[in-house]
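Derivation of every value follows stated rules applied to the coordinates shown; laboratory data play no part. Just so it is clear, the model here is predicted, and its values are computed rather than measured. Here the Cβ positions follow ideal geometry from the backbone for every residue, glycine too, while neighbour counts run over all protein chains shown.
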Amino acid sequence: MLGLGDGQTAAALVACIGITVIGVIYGAVNWNSGDSDGEVRHRKRRRAAARRRRKKKKHNR
């Protein structure tokens, strides 16, 4: 089998190549998705602030 010795070594090689191909495809599909870590954190902060405002508004009624 490709001079790799046994089936387990060949399976490991195939698995590594498969995972690499999946990673490359995923990266190509999501290349310009616009979701960097900074944007995600900023969005979470805005949502949390909106929740606090709603909670405060309810409390003041």
Obtain the nm distance between the two label points defined at Y26 and K55 by a simple spin-label model: each point lies 7 Å from its Cα along the Cα-to-C-beta direction.
-> 3.4
Compute the length gained on full extension between R41 and A12: take 0.36 nm times their separation in residues and subtract their Cα-Cα distance, giving the result in nm to one decimal.
-> 6.7 nm
Once phi is turned into ³J(HN,Hα) by the Karplus curve 6.51 cos²θ - 1.76 cosθ + 1.60 with θ = phi - 60°, what whole-Hz value does each residue of region 13-24 show in order, with x for glycine and proline?
-> 4, 4, 5, 5, 5, x, 5, 4, 4, 4, x, 5
